[in-house]
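*Asks:* This is the structure I have questions about; it appears just below.
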Amino acid sequence: MKILLVAEPWWVNLLILAPVVAYLSWRRSGVPFAARQLVASGVFAAAFGFVEAIVVVYLRAAVGLLPGSQGTLSDVMRRSNEFYQQSQAITQFPQSLMTLEVFREAATILMLLSVTVLTAVKLGSRVAVFLWTFAIWDIAYYAGLWATVRWPLSLKDSDVLFLIPRPWISPVWFPLLVSGLVVLAILFVREDPRESA
């Protein structure tokens, strides 16, 4: 019997366990995460996700993988069905820019980790802040791409999620599902540290 996988490589599918593990490990004790921390880190993550989407649009335009980019944003939106065959686009990307993409992704994780360290003191709270910011960043990234160039056309469209250590490819619905569940898990287990003191 063959198991049908959603994402490649196979271990990317294990990301679906992140919200479940987070919820189960924190449901009894809760995780101290003040509303102020929740909002501030969420705003940062959403803004950063939008910036990342714009960077991706610029990169695709720069290497000629964005039809209509010489015209208006409306031209790009109208021609978006020709755009972003992401799983094939990585083979068309110049190697020099692919190297920069890997560095950009590593910098993204470092920025999210920095917010984590600046926002929370205890390990459990830091993990929650990281998962929270990563999830909101991811959702805002796809929202930013859709708002600017009308991609993805469908939640079934394939995307390259990360390049480290090798390309992670899945339909768009998969990272959005994981991120949405992470957000819900943290909202359900969050406790205001002032109330528990």
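The values are calculated or read from the model by the stated rules, or taken from the named source; none is laboratory data. What you see is a predicted model; the values in this text were computed from it and never measured. Note: ideal-geometry Cβ built from the backbone for every residue, glycine included; neighbour counts use all protein chains shown. The protein model used for the area step is the full one, side chains on, heavy atoms only, and it has no ligands, DNA or RNA in it. Shrake-Rupley method; radii C 1.70, N 1.55, O 1.52, S 1.80 Å.
*Asks:* Could you tell me the relative contact order of the chain? Use alpha-carbon pairs under 8 Å, at least six residues apart, and round to a whole percent.
*Replies:* 38
*Asks:* Take every Cα-Cα distance within the stretch 108-197, group them into 10 Å bins from 0 onward, and report for each bin the whole-number percent of pairs it holds.
*Replies:* It works out to 15, 40, 31, 11, 2, in whole percents.
*Asks:* Out of every Cα pair in the stretch 1-61, what percent are spaced more than 14 Å from each other?
*Replies:* Roughly 76 percent, once rounded to a whole number.
*Asks:* Starting from the amide H of Ile169, placed 1.01 Å from N in the peptide plane, find each other amide H under 5 Å away whose residue is 5 or more places distant or on another chain.
*Replies:* For Ile169, whose amide H was placed from the backbone, the distant partners under 5 Å are Glu8, Leu161.
*Asks:* For the stretch 25-35, take each phi angle, set θ = phi - 60°, evaluate the Karplus expression 6.51 cos²θ - 1.76 cosθ + 1.60, and give the result in whole Hz per residue in order, putting x for glycine and proline.
*Replies:* 6, 10, 5, 7, 8, x, 10, x, 8, 5, 4
*Asks:* Just to make sure I understand: if all protein chains stay in place, what is the order of Tyr58, Tyr141, Tyr23 by accessible area at 1.4 Å, largest first?
*Replies:* Numbers: Tyr58 155, Tyr141 25, Tyr23 90 Å².
Accessible-area ranking of Tyr58, Tyr141, Tyr23, largest first: Tyr58, Tyr23, Tyr141.
*Asks:* For a test of the definition: using alpha carbon positions, the gyration tensor, and the 1.5 limit on a/c, classify the stretch 142-194 as rounded, prolate or oblate.
*Replies:* Prolate, since a/c reaches 1.5 and a/b exceeds b/c.
*Asks:* Per residue, how much accessible area does the chain have with a 1.4 Å probe, in Å²?
*Replies:* Accessible area per residue: 55 Å².
*Asks:* Next question. Express the carbon and sulfur contribution to the solvent-accessible surface of the stretch 135-195 as a percent, rounded to the nearest whole number, probe 1.4 angstrom.
*Replies:* Summing carbon and sulfur atoms, their accessible area is 66 percent of the total for the stretch 135-195.
*Asks:* Rank Leu155, Leu131 by accessible area, highest first, at a 1.4 Å probe radius?
*Replies:* Leu155, Leu131
*Asks:* For the chain, rounded, prolate or oblate, judged on the Cα gyration tensor with a ≥ b ≥ c (square roots of eigenvalues), a/c < 1.5 rounded, else prolate if a/b > b/c?
*Replies:* Because a/c hits 1.5 or more and a/b exceeds b/c, the chain counts as prolate.
*Asks:* Considering only C-alpha atoms, what is the centroid distance from the stretch 112-131 to the stretch 16-55, in Å?
*Replies:* 9
*Asks:* Still on this structure: Under a Cβ-only charge scheme (Lys and Arg +1, Asp and Glu -1), can you give me the dipole magnitude of the chain about the Cα centre, in debye to the nearest 20?
*Replies:* My answer is approximately 320 debye.
*Asks:* Residue by residue through the stretch 140-157, what is 3J(HN,Hα) from phi via Karplus (6.51 cos²θ - 1.76 cosθ + 1.60, θ = phi - 60°)? Round to whole Hz and write x for glycine and proline.
*Replies:* 5, 4, 5, 5, x, 5, 5, 5, 8, 10, 6, 10, x, 6, 9, 5, 8, 4
*Asks:* Right, next: Under the rule of at least 5 residues apart or a separate chain, name every residue whose amide H is placed under 5 Å from the amide H of Val31.
*Replies:* Placed amide hydrogens put Arg190, Glu191 under 5 Å from Val31.
*Asks:* What list of ³J(HN,Hα) values in whole Hz, one per residue of the stretch 130-137 in order, does the Karplus curve 6.51 cos²θ - 1.76 cosθ + 1.60 (θ = phi - 60°) give from phi, with Gly and Pro shown as x?
*Replies:* 4, 4, 4, 5, 4, 5, 5, 4
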